[in-house]
Amino acid sequence: MTLKNISPIETPAWKNLKNHFAEIKNNKIIDFFKDTKRLSHFSVSWKNFYVDFSKNRLNLKTLNLLLDLAKQCDLQNSIQAQFLGKKINKTENRSVLHTACRCIDSDKILVDGIDIVPEIINERNKIKSFCDKVLDGHITGSTGKKITDVVNIGIGGSDLGPRMVTEALKFYRSRLNTHFISNVDGDHVYEVLKALNPETTLFIVVSKTFTTQETLTNAKTIKNWMISNLGNKSIEHHFIAVSSNKNEIANFGIKDEYTFSMNDWVGGRFSIWSSVGLIISLSIGFENYNKFLNGARLADDHFRSSSFEKNIPVLMGLISVWYNNFFECESEAVISYSQYLNKLPAYLQQSLMESNGKNVDRNGKNVKYQTGNIVWGDTGTNSQHAFFQLIHQGTKLIPCDFIGFKHPLHKENHQHDILMSNFFAQTEALLMGKSLTKVEDELKRKSQSKEFAPFKVFKGNIPSNSFLIDKLSPESLGSLIAFYEHKIFVQGIIWNVFSYDQWGVELGKELASSILREIETKTLENHDPSTSSLVHLYNSKN
(Lines give C-alpha, C1' and ligand atoms only; values in the text may rest on other atoms or scores of the structure.)
Protein backbone atom coordinates (compact mmCIF):
# COMPACT_ATOMS: atom_id res chain seq x y z
CA MET A 1 0.00 0.00 0.00
CA THR A 2 1.25 3.45 -0.93
CA LEU A 3 -0.34 6.75 -0.06
CA LYS A 4 -3.35 7.80 -2.10
CA ASN A 5 -3.05 10.80 -4.36
CA ILE A 6 -5.84 13.06 -3.17
CA SER A 7 -5.73 16.76 -3.97
CA PRO A 8 -7.11 18.49 -0.88
CA ILE A 9 -8.58 21.37 -2.84
CA GLU A 10 -10.75 18.92 -4.81
CA THR A 11 -12.40 17.47 -1.70
CA PRO A 12 -15.88 18.54 -0.57
CA ALA A 13 -14.44 19.34 2.87
CA TRP A 14 -11.99 21.88 1.42
CA LYS A 15 -14.77 23.66 -0.43
CA ASN A 16 -16.91 23.66 2.71
CA LEU A 17 -13.98 25.06 4.69
CA LYS A 18 -13.58 27.89 2.18
CA ASN A 19 -17.21 28.85 2.57
CA HIS A 20 -17.00 28.53 6.33
CA PHE A 21 -13.84 30.63 6.45
CA ALA A 22 -15.64 33.46 4.68
CA GLU A 23 -18.28 33.34 7.42
CA ILE A 24 -16.00 33.41 10.48
CA LYS A 25 -12.67 34.92 9.36
CA ASN A 26 -13.34 38.18 11.22
CA ASN A 27 -14.83 36.61 14.34
CA LYS A 28 -13.18 37.16 17.71
CA ILE A 29 -11.79 34.13 19.51
CA ILE A 30 -13.16 35.42 22.81
CA ASP A 31 -16.69 35.31 21.39
CA PHE A 32 -16.31 31.59 20.77
CA PHE A 33 -16.05 31.13 24.53
CA LYS A 34 -19.78 31.81 24.74
CA ASP A 35 -19.90 28.06 24.13
CA THR A 36 -19.59 26.91 27.74
CA LYS A 37 -18.16 23.57 26.60
CA ARG A 38 -15.42 25.13 24.47
CA LEU A 39 -12.59 24.11 26.78
CA SER A 40 -13.74 20.49 26.84
CA HIS A 41 -14.07 20.49 23.05
CA PHE A 42 -10.69 22.10 22.44
CA SER A 43 -8.36 20.62 25.04
CA VAL A 44 -6.73 17.24 25.55
CA SER A 45 -5.42 15.77 28.80
CA TRP A 46 -2.96 12.96 28.13
CA LYS A 47 -0.42 11.44 30.53
CA ASN A 48 1.40 14.46 32.00
CA PHE A 49 0.32 16.77 29.17
CA TYR A 50 -2.52 19.26 29.05
CA VAL A 51 -2.89 20.77 25.58
CA ASP A 52 -5.23 23.74 25.18
CA PHE A 53 -6.38 24.48 21.62
CA SER A 54 -9.20 26.79 22.70
CA LYS A 55 -7.40 30.07 21.89
CA ASN A 56 -7.77 29.54 18.15
CA ARG A 57 -9.81 31.25 15.47
CA LEU A 58 -12.13 28.32 14.94
CA ASN A 59 -15.28 26.87 16.41
CA LEU A 60 -16.83 23.43 16.64
CA LYS A 61 -18.05 23.60 13.05
CA THR A 62 -14.49 24.41 11.90
CA LEU A 63 -13.17 21.44 13.80
CA ASN A 64 -15.74 19.10 12.30
CA LEU A 65 -14.96 20.33 8.78
CA LEU A 66 -11.22 19.85 9.39
CA LEU A 67 -11.93 16.33 10.62
CA ASP A 68 -13.95 15.76 7.44
CA LEU A 69 -10.90 16.90 5.47
CA ALA A 70 -8.70 14.42 7.32
CA LYS A 71 -11.14 11.63 6.54
CA GLN A 72 -11.45 12.57 2.87
CA CYS A 73 -7.66 12.70 2.53
CA ASP A 74 -7.46 9.14 3.93
CA LEU A 75 -5.47 10.11 7.02
CA GLN A 76 -6.44 7.07 9.13
CA ASN A 77 -5.30 4.53 6.54
CA SER A 78 -2.18 6.56 5.85
CA ILE A 79 -1.21 6.45 9.54
CA GLN A 80 -1.54 2.68 9.56
CA ALA A 81 0.48 2.39 6.34
CA GLN A 82 3.36 4.28 7.93
CA PHE A 83 3.41 2.22 11.12
CA LEU A 84 3.12 -1.04 9.16
CA GLY A 85 6.28 -0.23 7.19
CA LYS A 86 4.64 0.33 3.81
CA LYS A 87 6.91 2.17 1.37
CA ILE A 88 5.21 5.52 1.65
CA ASN A 89 8.42 7.38 0.70
CA LYS A 90 7.71 6.56 -2.91
CA THR A 91 10.36 8.71 -4.62
CA GLU A 92 13.06 6.79 -2.75
CA ASN A 93 11.11 3.50 -2.53
CA ARG A 94 11.53 3.40 1.24
CA SER A 95 9.49 2.74 4.33
CA VAL A 96 9.29 5.51 6.94
CA LEU A 97 9.97 3.81 10.24
CA HIS A 98 11.73 6.09 12.70
CA THR A 99 8.78 5.09 14.89
CA ALA A 100 10.06 1.50 14.81
CA CYS A 101 13.20 2.60 16.66
CA ARG A 102 10.94 3.17 19.66
CA CYS A 103 9.65 -0.43 19.60
CA ILE A 104 9.76 -3.05 22.33
CA ASP A 105 10.87 -6.64 21.77
CA SER A 106 7.31 -8.01 21.66
CA ASP A 107 6.49 -5.88 18.60
CA LYS A 108 6.63 -7.20 15.06
CA ILE A 109 7.30 -4.82 12.15
CA LEU A 110 7.91 -6.17 8.65
CA VAL A 111 9.99 -4.55 5.92
CA ASP A 112 10.15 -6.59 2.71
CA GLY A 113 8.80 -9.51 4.70
CA ILE A 114 11.55 -9.38 7.35
CA ASP A 115 10.82 -8.53 10.98
CA ILE A 116 13.14 -5.62 11.81
CA VAL A 117 12.43 -5.59 15.56
CA PRO A 118 15.21 -8.06 16.55
CA GLU A 119 17.75 -5.95 14.66
CA ILE A 120 16.55 -2.78 16.42
CA ILE A 121 16.68 -4.41 19.86
CA ASN A 122 20.17 -5.81 19.20
CA GLU A 123 21.45 -2.40 18.16
CA ARG A 124 19.84 -0.80 21.21
CA ASN A 125 21.52 -3.39 23.46
CA LYS A 126 24.83 -2.62 21.76
CA ILE A 127 24.35 1.08 22.53
CA LYS A 128 23.58 0.22 26.16
CA SER A 129 26.66 -1.97 26.52
CA PHE A 130 28.93 0.61 24.90
CA CYS A 131 27.57 3.51 26.96
CA ASP A 132 27.82 1.57 30.20
CA LYS A 133 31.44 0.64 29.47
CA VAL A 134 32.39 4.23 28.66
CA LEU A 135 30.66 5.64 31.72
CA ASP A 136 32.10 3.06 34.13
CA GLY A 137 35.60 3.47 32.69
CA HIS A 138 36.01 0.06 31.03
CA ILE A 139 36.36 1.74 27.64
CA THR A 140 39.24 4.19 27.75
CA GLY A 141 41.36 6.21 25.38
CA SER A 142 44.52 4.85 23.76
CA THR A 143 46.66 5.81 26.76
CA GLY A 144 44.34 4.15 29.28
CA LYS A 145 42.74 7.31 30.60
CA LYS A 146 38.99 7.52 31.23
CA ILE A 147 36.88 9.26 28.63
CA THR A 148 35.75 12.73 29.72
CA ASP A 149 34.47 14.27 26.48
CA VAL A 150 32.48 13.10 23.45
CA VAL A 151 32.23 15.02 20.18
CA ASN A 152 29.46 14.38 17.66
CA ILE A 153 30.54 15.05 14.06
CA GLY A 154 27.51 15.24 11.76
CA ILE A 155 25.26 17.67 9.97
CA GLY A 156 21.52 18.17 9.48
CA GLY A 157 19.56 15.47 11.27
CA SER A 158 22.81 13.94 12.50
CA ASP A 159 23.50 17.15 14.41
CA LEU A 160 20.37 19.20 15.11
CA GLY A 161 18.42 16.45 16.85
CA PRO A 162 21.16 15.11 19.13
CA ARG A 163 22.34 18.64 19.90
CA MET A 164 18.81 19.76 20.84
CA VAL A 165 18.11 16.73 23.03
CA THR A 166 21.41 16.80 24.92
CA GLU A 167 20.86 20.49 25.64
CA ALA A 168 17.25 19.91 26.68
CA LEU A 169 18.18 17.06 29.05
CA LYS A 170 21.45 18.34 30.48
CA PHE A 171 19.83 18.39 33.93
CA TYR A 172 20.08 14.58 33.66
CA ARG A 173 23.62 14.56 32.24
CA SER A 174 26.19 11.90 32.95
CA ARG A 175 29.78 12.74 33.87
CA LEU A 176 30.67 13.26 30.19
CA ASN A 177 31.00 16.61 28.44
CA THR A 178 29.38 16.66 25.00
CA HIS A 179 30.34 18.79 21.99
CA PHE A 180 29.05 19.13 18.43
CA ILE A 181 30.80 19.90 15.16
CA SER A 182 28.66 20.28 12.04
CA ASN A 183 29.53 23.27 9.87
CA VAL A 184 32.41 22.72 7.45
CA ASP A 185 34.08 25.74 9.02
CA GLY A 186 37.68 25.05 9.99
CA ASP A 187 37.67 27.87 12.52
CA HIS A 188 34.85 26.19 14.43
CA VAL A 189 36.57 22.79 14.34
CA TYR A 190 39.81 24.14 15.76
CA GLU A 191 37.93 26.21 18.34
CA VAL A 192 36.30 23.04 19.68
CA LEU A 193 39.58 21.11 19.62
CA LYS A 194 41.29 23.83 21.68
CA ALA A 195 39.33 22.79 24.76
CA LEU A 196 39.84 19.02 24.36
CA ASN A 197 42.41 16.55 25.62
CA PRO A 198 43.02 14.00 22.85
CA GLU A 199 43.75 11.28 25.42
CA THR A 200 40.25 11.50 26.95
CA THR A 201 38.01 12.35 23.98
CA LEU A 202 35.80 10.17 21.79
CA PHE A 203 34.65 11.34 18.35
CA ILE A 204 31.42 9.99 16.83
CA VAL A 205 31.32 10.32 13.02
CA VAL A 206 27.68 10.25 11.94
CA SER A 207 26.99 9.85 8.23
CA LYS A 208 24.72 7.23 6.67
CA THR A 209 26.88 7.00 3.55
CA PHE A 210 30.15 7.99 5.24
CA THR A 211 30.65 10.34 2.28
CA THR A 212 28.86 13.51 3.45
CA GLN A 213 31.29 16.27 2.47
CA GLU A 214 30.97 18.44 5.57
CA THR A 215 31.10 15.53 8.01
CA LEU A 216 34.00 13.68 6.39
CA THR A 217 36.02 16.87 5.90
CA ASN A 218 35.67 17.65 9.59
CA ALA A 219 36.37 14.03 10.58
CA LYS A 220 39.57 13.89 8.52
CA THR A 221 40.79 17.18 10.01
CA ILE A 222 40.20 15.82 13.51
CA LYS A 223 41.80 12.49 12.58
CA ASN A 224 44.96 14.30 11.54
CA TRP A 225 44.88 16.25 14.81
CA MET A 226 44.58 13.01 16.77
CA ILE A 227 47.42 11.32 14.86
CA SER A 228 49.68 14.32 15.41
CA ASN A 229 49.05 14.05 19.15
CA LEU A 230 48.82 10.30 19.80
CA GLY A 231 49.85 8.49 16.61
CA ASN A 232 48.01 6.29 14.08
CA LYS A 233 47.08 3.58 16.59
CA SER A 234 44.93 6.06 18.53
CA ILE A 235 42.24 6.20 15.84
CA GLU A 236 40.69 2.83 16.70
CA HIS A 237 40.42 3.89 20.36
CA HIS A 238 38.97 7.37 19.85
CA PHE A 239 36.69 7.20 16.78
CA ILE A 240 33.20 5.73 16.52
CA ALA A 241 31.10 5.46 13.36
CA VAL A 242 27.34 5.63 12.96
CA SER A 243 26.90 4.66 9.32
CA SER A 244 25.90 1.93 6.89
CA ASN A 245 29.06 2.08 4.73
CA LYS A 246 31.30 -0.57 6.29
CA ASN A 247 34.03 -0.29 3.66
CA GLU A 248 34.57 3.43 4.18
CA ILE A 249 34.42 2.99 7.95
CA ALA A 250 37.18 0.39 7.77
CA ASN A 251 39.25 2.59 5.44
CA PHE A 252 38.98 5.39 8.00
CA GLY A 253 40.41 3.09 10.66
CA ILE A 254 37.37 2.52 12.89
CA LYS A 255 36.96 -0.98 14.28
CA ASP A 256 33.79 -3.06 14.03
CA GLU A 257 32.91 -2.95 17.74
CA TYR A 258 32.95 0.87 17.55
CA THR A 259 30.57 0.87 14.57
CA PHE A 260 26.79 1.37 14.83
CA SER A 261 24.37 0.87 11.96
CA MET A 262 21.91 3.12 10.18
CA ASN A 263 18.91 1.98 8.13
CA ASP A 264 17.49 3.48 4.97
CA TRP A 265 13.99 3.46 6.50
CA VAL A 266 15.03 6.14 9.02
CA GLY A 267 15.26 9.63 7.53
CA GLY A 268 18.08 11.84 8.75
CA ARG A 269 15.92 14.47 10.39
CA PHE A 270 14.11 11.78 12.40
CA SER A 271 17.20 9.77 13.27
CA ILE A 272 17.64 10.67 16.95
CA TRP A 273 15.72 7.49 17.78
CA SER A 274 18.26 5.33 15.94
CA SER A 275 21.97 4.84 16.59
CA VAL A 276 22.37 8.55 15.82
CA GLY A 277 21.13 8.94 19.40
CA LEU A 278 24.35 7.34 20.70
CA ILE A 279 25.64 10.68 21.96
CA ILE A 280 22.32 11.28 23.73
CA SER A 281 22.69 7.96 25.53
CA LEU A 282 26.27 8.83 26.48
CA SER A 283 25.24 12.27 27.69
CA ILE A 284 22.34 11.19 29.94
CA GLY A 285 23.00 7.48 30.47
CA PHE A 286 21.17 4.62 28.77
CA GLU A 287 18.41 4.37 31.38
CA ASN A 288 17.32 7.95 30.69
CA TYR A 289 17.78 7.44 26.96
CA ASN A 290 15.42 4.46 27.13
CA LYS A 291 12.85 6.64 28.93
CA PHE A 292 13.22 9.14 26.10
CA LEU A 293 12.41 6.38 23.58
CA ASN A 294 9.48 5.22 25.68
CA GLY A 295 7.99 8.71 25.83
CA ALA A 296 7.98 8.81 22.04
CA ARG A 297 6.48 5.32 21.90
CA LEU A 298 3.60 6.40 24.13
CA ALA A 299 2.96 9.36 21.82
CA ASP A 300 2.99 6.95 18.85
CA ASP A 301 0.32 4.84 20.52
CA HIS A 302 -1.77 7.96 21.17
CA PHE A 303 -1.44 9.11 17.55
CA ARG A 304 -2.22 5.69 16.15
CA SER A 305 -5.19 4.79 18.31
CA SER A 306 -6.88 7.94 19.66
CA SER A 307 -9.97 9.37 18.00
CA PHE A 308 -9.09 12.35 15.86
CA GLU A 309 -11.27 14.66 17.99
CA LYS A 310 -8.86 14.14 20.92
CA ASN A 311 -5.69 13.29 19.03
CA ILE A 312 -2.99 15.82 19.87
CA PRO A 313 -0.83 15.64 16.71
CA VAL A 314 -3.87 15.34 14.44
CA LEU A 315 -5.32 18.52 15.93
CA MET A 316 -1.90 20.24 15.74
CA GLY A 317 -1.64 19.40 12.05
CA LEU A 318 -5.21 20.28 11.09
CA ILE A 319 -5.15 23.61 12.92
CA SER A 320 -1.87 24.45 11.21
CA VAL A 321 -3.43 23.68 7.81
CA TRP A 322 -6.36 25.93 8.73
CA TYR A 323 -4.07 28.90 9.28
CA ASN A 324 -1.67 28.15 6.44
CA ASN A 325 -4.22 27.57 3.72
CA PHE A 326 -7.20 29.67 4.72
CA PHE A 327 -5.81 32.57 6.77
CA GLU A 328 -2.68 32.46 4.56
CA CYS A 329 -0.33 32.54 7.53
CA GLU A 330 3.13 31.66 6.28
CA SER A 331 4.85 31.17 9.61
CA GLU A 332 4.39 29.70 13.06
CA ALA A 333 6.29 30.55 16.23
CA VAL A 334 7.30 28.02 18.88
CA ILE A 335 7.92 29.59 22.29
CA SER A 336 9.18 27.34 25.07
CA TYR A 337 9.22 28.65 28.62
CA SER A 338 12.32 26.66 29.52
CA GLN A 339 15.85 27.66 28.64
CA TYR A 340 16.65 23.97 28.31
CA LEU A 341 14.56 23.96 25.11
CA ASN A 342 16.41 26.84 23.46
CA LYS A 343 17.40 24.68 20.48
CA LEU A 344 13.92 23.25 19.87
CA PRO A 345 12.89 25.85 17.23
CA ALA A 346 16.02 25.16 15.16
CA TYR A 347 15.34 21.43 15.33
CA LEU A 348 11.72 21.92 14.28
CA GLN A 349 12.79 24.19 11.44
CA GLN A 350 14.61 21.30 9.82
CA SER A 351 12.08 18.61 10.58
CA LEU A 352 9.04 20.62 9.43
CA MET A 353 10.48 22.73 6.65
CA GLU A 354 12.60 20.02 5.03
CA SER A 355 9.68 17.61 5.16
CA ASN A 356 6.80 19.67 3.81
CA GLY A 357 8.54 22.44 1.89
CA LYS A 358 7.40 20.94 -1.42
CA ASN A 359 5.86 22.45 -4.54
CA VAL A 360 5.05 19.16 -6.26
CA ASP A 361 2.29 16.82 -5.07
CA ARG A 362 2.29 13.03 -4.98
CA ASN A 363 1.09 13.02 -8.59
CA GLY A 364 4.23 14.89 -9.64
CA LYS A 365 2.22 18.01 -10.44
CA ASN A 366 2.76 21.54 -9.19
CA VAL A 367 0.53 22.27 -6.23
CA LYS A 368 -2.01 25.06 -6.44
CA TYR A 369 -2.02 25.80 -2.72
CA GLN A 370 0.47 26.64 0.01
CA THR A 371 2.45 23.83 1.62
CA GLY A 372 4.93 23.96 4.47
CA ASN A 373 5.30 26.57 7.15
CA ILE A 374 8.15 28.81 8.18
CA VAL A 375 8.91 27.72 11.74
CA TRP A 376 10.81 29.94 14.13
CA GLY A 377 10.94 30.96 17.75
CA ASP A 378 12.97 31.21 20.93
CA THR A 379 12.53 30.81 24.64
CA GLY A 380 10.34 32.95 26.87
CA THR A 381 10.98 35.41 28.38
CA ASN A 382 13.84 36.29 26.01
CA SER A 383 11.51 36.31 23.02
CA GLN A 384 9.16 38.75 24.75
CA HIS A 385 11.96 41.32 24.62
CA ALA A 386 12.77 40.53 21.01
CA PHE A 387 10.18 39.61 18.37
CA PHE A 388 6.96 39.67 20.37
CA GLN A 389 6.47 43.28 19.29
CA LEU A 390 5.82 42.02 15.77
CA ILE A 391 3.46 39.26 16.95
CA HIS A 392 1.41 41.62 19.12
CA GLN A 393 1.29 44.74 16.97
CA GLY A 394 2.65 43.81 13.56
CA THR A 395 0.68 43.34 10.35
CA LYS A 396 1.18 39.57 10.12
CA LEU A 397 -0.97 36.92 11.76
CA ILE A 398 1.42 34.47 13.45
CA PRO A 399 -0.03 31.49 15.32
CA CYS A 400 2.09 30.44 18.30
CA ASP A 401 2.77 27.28 20.26
CA PHE A 402 3.55 27.93 23.93
CA ILE A 403 5.33 25.15 25.84
CA GLY A 404 5.72 25.29 29.61
CA PHE A 405 6.12 23.08 32.66
CA LYS A 406 4.31 22.95 35.99
CA HIS A 407 7.46 22.11 37.92
CA PRO A 408 11.06 23.32 37.53
CA LEU A 409 13.83 20.73 37.51
CA HIS A 410 15.74 22.28 40.36
CA LYS A 411 13.94 23.00 43.62
CA GLU A 412 10.58 24.76 43.49
CA ASN A 413 11.34 28.45 43.22
CA HIS A 414 9.63 31.79 42.85
CA GLN A 415 11.44 32.46 39.58
CA HIS A 416 9.53 29.59 38.00
CA ASP A 417 6.29 31.25 39.11
CA ILE A 418 7.44 34.45 37.42
CA LEU A 419 8.39 32.54 34.27
CA MET A 420 5.05 30.76 34.02
CA SER A 421 3.06 33.90 34.84
CA ASN A 422 4.61 35.30 31.64
CA PHE A 423 3.57 32.19 29.71
CA PHE A 424 -0.07 32.57 30.77
CA ALA A 425 -0.07 36.36 30.41
CA GLN A 426 1.29 36.29 26.87
CA THR A 427 -1.34 33.84 25.63
CA GLU A 428 -4.03 35.97 27.26
CA ALA A 429 -2.60 39.19 25.82
CA LEU A 430 -2.50 37.66 22.33
CA LEU A 431 -6.10 36.58 22.76
CA MET A 432 -7.61 39.66 24.37
CA GLY A 433 -5.45 42.52 23.17
CA LYS A 434 -6.20 46.01 24.49
CA SER A 435 -8.81 48.26 22.89
CA LEU A 436 -8.49 51.97 22.16
CA THR A 437 -11.25 52.68 24.68
CA LYS A 438 -9.38 50.86 27.42
CA VAL A 439 -6.12 52.63 26.57
CA GLU A 440 -7.83 56.03 26.64
CA ASP A 441 -9.46 55.25 29.99
CA GLU A 442 -6.07 54.31 31.45
CA LEU A 443 -4.50 57.51 30.13
CA LYS A 444 -7.35 59.55 31.53
CA ARG A 445 -6.93 58.02 34.99
CA LYS A 446 -3.26 58.91 34.85
CA SER A 447 -4.04 62.44 33.58
CA GLN A 448 -1.99 61.76 30.45
CA SER A 449 -2.60 62.93 26.89
CA LYS A 450 -4.54 60.70 24.52
CA GLU A 451 -2.23 61.69 21.67
CA PHE A 452 -0.28 58.46 21.83
CA ALA A 453 -3.24 56.20 22.56
CA PRO A 454 -3.22 54.50 19.10
CA PHE A 455 0.36 53.32 19.67
CA LYS A 456 -0.68 51.44 22.80
CA VAL A 457 -3.55 49.50 21.23
CA PHE A 458 -3.18 45.71 20.87
CA LYS A 459 -5.52 44.19 18.29
CA GLY A 460 -5.54 40.76 19.97
CA ASN A 461 -7.37 37.83 18.40
CA ILE A 462 -4.00 36.18 17.78
CA PRO A 463 -4.19 32.38 18.04
CA SER A 464 -2.08 30.13 20.22
CA ASN A 465 -1.82 26.55 21.44
CA SER A 466 -0.68 25.91 25.01
CA PHE A 467 1.25 22.81 26.08
CA LEU A 468 1.34 22.58 29.87
CA ILE A 469 3.48 19.60 30.88
CA ASP A 470 4.20 18.29 34.36
CA LYS A 471 7.98 18.65 34.05
CA LEU A 472 10.76 18.37 31.50
CA SER A 473 11.89 14.75 31.66
CA PRO A 474 13.40 12.34 29.15
CA GLU A 475 9.96 10.77 28.74
CA SER A 476 8.01 14.02 28.30
CA LEU A 477 10.58 15.36 25.82
CA GLY A 478 10.32 12.16 23.80
CA SER A 479 6.54 12.55 23.67
CA LEU A 480 6.73 16.23 22.72
CA ILE A 481 9.13 15.61 19.84
CA ALA A 482 7.04 12.69 18.58
CA PHE A 483 3.91 14.86 18.59
CA TYR A 484 5.63 17.37 16.30
CA GLU A 485 6.83 14.53 14.05
CA HIS A 486 3.29 13.26 13.69
CA LYS A 487 2.03 16.79 13.06
CA ILE A 488 4.38 16.84 10.05
CA PHE A 489 2.87 13.59 8.83
CA VAL A 490 -0.69 14.90 9.16
CA GLN A 491 0.16 18.06 7.21
CA GLY A 492 1.91 16.07 4.48
CA ILE A 493 -1.09 13.79 4.03
CA ILE A 494 -3.48 16.74 3.77
CA TRP A 495 -1.20 18.60 1.35
CA ASN A 496 -0.69 15.44 -0.74
CA VAL A 497 3.11 15.70 -0.70
CA PHE A 498 5.89 13.24 0.06
CA SER A 499 7.13 14.42 3.43
CA TYR A 500 10.11 12.09 3.71
CA ASP A 501 12.34 12.95 0.77
CA GLN A 502 14.44 16.10 0.52
CA TRP A 503 15.55 16.62 -3.05
CA GLY A 504 15.65 20.35 -2.42
CA VAL A 505 18.96 20.06 -0.57
CA GLU A 506 20.76 18.35 -3.46
CA LEU A 507 21.22 21.02 -6.14
CA GLY A 508 23.32 23.38 -4.04
CA LYS A 509 25.54 20.48 -2.93
CA GLU A 510 26.11 19.42 -6.56
CA LEU A 511 27.06 22.94 -7.61
CA ALA A 512 29.33 23.35 -4.58
CA SER A 513 31.35 20.29 -5.64
CA SER A 514 31.80 21.75 -9.11
CA ILE A 515 32.78 25.19 -7.81
CA LEU A 516 35.23 23.67 -5.31
CA ARG A 517 37.13 22.09 -8.22
CA GLU A 518 37.28 25.51 -9.88
CA ILE A 519 38.66 27.05 -6.69
CA GLU A 520 41.26 24.29 -6.32
CA THR A 521 42.37 24.52 -9.98
CA LYS A 522 42.02 28.32 -10.24
CA THR A 523 39.77 27.87 -13.29
CA LEU A 524 36.39 29.36 -14.02
CA GLU A 525 33.62 27.58 -15.92
CA ASN A 526 30.25 28.85 -17.09
CA HIS A 527 28.11 30.47 -14.40
CA ASP A 528 25.70 33.34 -14.23
CA PRO A 529 27.53 36.72 -14.24
CA SER A 530 27.11 37.27 -10.50
CA THR A 531 28.47 33.86 -9.46
CA SER A 532 31.35 34.13 -11.96
CA SER A 533 32.32 37.46 -10.43
CA LEU A 534 32.22 36.11 -6.88
CA VAL A 535 34.31 33.03 -7.68
CA HIS A 536 36.81 35.17 -9.63
CA LEU A 537 37.21 37.58 -6.71
CA TYR A 538 37.71 34.67 -4.31
CA ASN A 539 40.28 33.01 -6.59
CA SER A 540 42.21 36.26 -6.91
CA LYS A 541 42.66 36.70 -3.15
CA ASN A 542 46.20 37.15 -1.85
| query | Within region 83-133, how many residues turn out to be among the β-branched types (Val, Ile, Thr) and over 27 Å from Gly492 (Cα atoms)? | reply | 4
| task | Among residues belonging to region 97-115 that are β-branched (Val, Ile, Thr) and within 19 Å of Lys87 (Cα to Cα), point out the one that is surrounded by the most Cβ atoms within 10 Å (Cβ to Cβ). | result | Thr99
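Of all the helices (runs of 4 or more DSSP H) wholly in region 1-94, which have at least 1 residues that are over 18 Å from Glu309 (Cβ atoms), outside the structural domain of Lys358 (by TED's automatic domain parsing) and in contact (Cβ under 8 Å) with a residue 24 or more places away in the chain?
On the way: elements: 12-24, 29-32, 38-41, 60-72, 75-83.
Where helices (runs of 4 or more DSSP H) fall fully within region 1-94 and carry at least 1 residues being over 18 Å from Glu309 (Cβ atoms), outside the structural domain of Lys358 (by TED's automatic domain parsing) and in contact (Cβ under 8 Å) with a residue 24 or more places away in the chain, they are 75-83.
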| field | region 95-120, residues that are over 16 Å from Met262 (Cβ atoms) and without any contact (Cβ under 8 Å) to a residue 40 or more places away in the chain | value | Asp105, Ser106, Asp107, Lys108, Ile109, Leu110, Asp112, Gly113, Ile114, Asp115, Val117, Pro118
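Quick one: would you say Asp68 is closer than 25 Å to Val497 by Cα and acidic (Asp, Glu)?
Values: closer than 25 Å to Val497 by Cα: yes; acidic (Asp, Glu): yes.
Criteria met by Asp68.
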| Of the conditions (1) hydroxyl-bearing (Ser, Thr, Tyr); (2) free of Cβ contacts under 8 Å to residues at least 12 places away in the same chain; (3) not in a helix (DSSP H, G or I), Ser228 fails just one. Which one is it? | (3)
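Being under 29 Å from Gln426 (Cβ atoms) and not small (Gly, Ala, Ser) is the requirement here; does Thr91 meet it?
no
Would you mind stating whether Thr209 is touching a residue at least 12 places away in the same chain (Cβ under 8 Å), surrounded by 15 or more Cβ atoms within 10 Å (Cβ to Cβ) and among the polar types (S, T, N, Q)? It would help to see each step written out before you state the result.
On the way: touching a residue at least 12 places away in the same chain (Cβ under 8 Å): yes; surrounded by 15 or more Cβ atoms within 10 Å (Cβ to Cβ): no; among the polar types (S, T, N, Q): yes.
No; evaluated as a whole, the condition is false for this residue.
Tally the residues that are in contact (Cβ under 8 Å) with a residue 40 or more places away in the chain and over 25 Å from Ser336 (Cβ atoms), restricting the search to region 144-175. Outline the logic, then answer.
Step one: list which residues in region 144-175 are in contact (Cβ under 8 Å) with a residue 40 or more places away in the chain, which gives 145-175.
Checking the rest, the ones that are also over 25 Å from Ser336 (Cβ atoms) come to 145-151, 153, 175.
Qualifying residue count for the region: 9.
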| task | May I ask you to list the residues in region 455-506 that are of a type in the set (Lys, Arg), surrounded by fewer than 20 Cβ atoms within 10 Å (Cβ to Cβ) and touching a residue at least 40 places away in the same chain (Cβ under 8 Å)? | result | Lys459, Lys471
| request: Considering only region 437-542, give the helices (runs of 4 or more DSSP H) lying wholly within it that have at least 1 residues that are within 30 Å of Trp46 (Cβ to Cβ). | output: 474-495
| query | Just one of Ile254, Ile235 is in contact with a Gly (Cβ under 8 Å, 6 or more places away or on another chain), assigned by TED's automatic domain parsing to the domain that holds Cys103 and of a type in the set (A, V, I, L, M); which is it? | reply | Ile235
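If we scan region 252-259, do we find a residue that is hydroxyl-bearing (Ser, Thr, Tyr), in a helix (DSSP H, G or I) and at pLDDT 95 or above?
Step one: list which residues in region 252-259 are hydroxyl-bearing (Ser, Thr, Tyr), which gives 258-259.
Now drop any that are not in a helix (DSSP H, G or I), which leaves 258.
Okay, now just the ones that are also at pLDDT 95 or above, so 258.
The answer is yes, given that some residue of region 252-259 is hydroxyl-bearing (Ser, Thr, Tyr), in a helix (DSSP H, G or I) and at pLDDT 95 or above.
Quick check on this structure: which one of Thr99, Thr62 is among the β-branched types (Val, Ile, Thr), under 30 Å from Phe33 (Cβ atoms) and modelled with pLDDT of 95 or more? I'd like the intermediate steps shown before the answer.
On the way: Thr99 fails: under 30 Å from Phe33 (Cβ atoms).
When all the criteria are applied, what remains is Thr62.
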| query | Can you find even one residue in region 234-241 that is aliphatic (A, V, I, L, M), part of a helix (DSSP H, G or I) and more than 30 Å from Asp501 (Cα to Cα)? | reply | yes
| request: Go through the residues of region 432-448 one by one and say whether even a single one is in contact (Cβ under 8 Å) with a residue 60 or more places away in the chain and among the polar types (S, T, N, Q). | output: no
| task | Kindly indicate whether any position in region 121-140 is polar (S, T, N, Q), crowded, with 20+ Cβ neighbours inside 10 Å and over 16 Å from Arg297 (Cα atoms). | result | no
| task | Would you check which residues across region 1-56 are among the basic types (Lys, Arg), under 15 Å from Phe327 (Cβ atoms) and exposed (fewer than 12 other Cβ atoms within 10 Å of the Cβ) and list them? | result | Lys25
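The values are calculated or read from the model by the stated rules, or taken from the named source; none is laboratory data. Since we're looking at a predicted model, the values are computed, not measured. Positions of Cβ are backbone-derived with ideal geometry, glycine not excepted, and every protein chain shown enters the neighbour counts.
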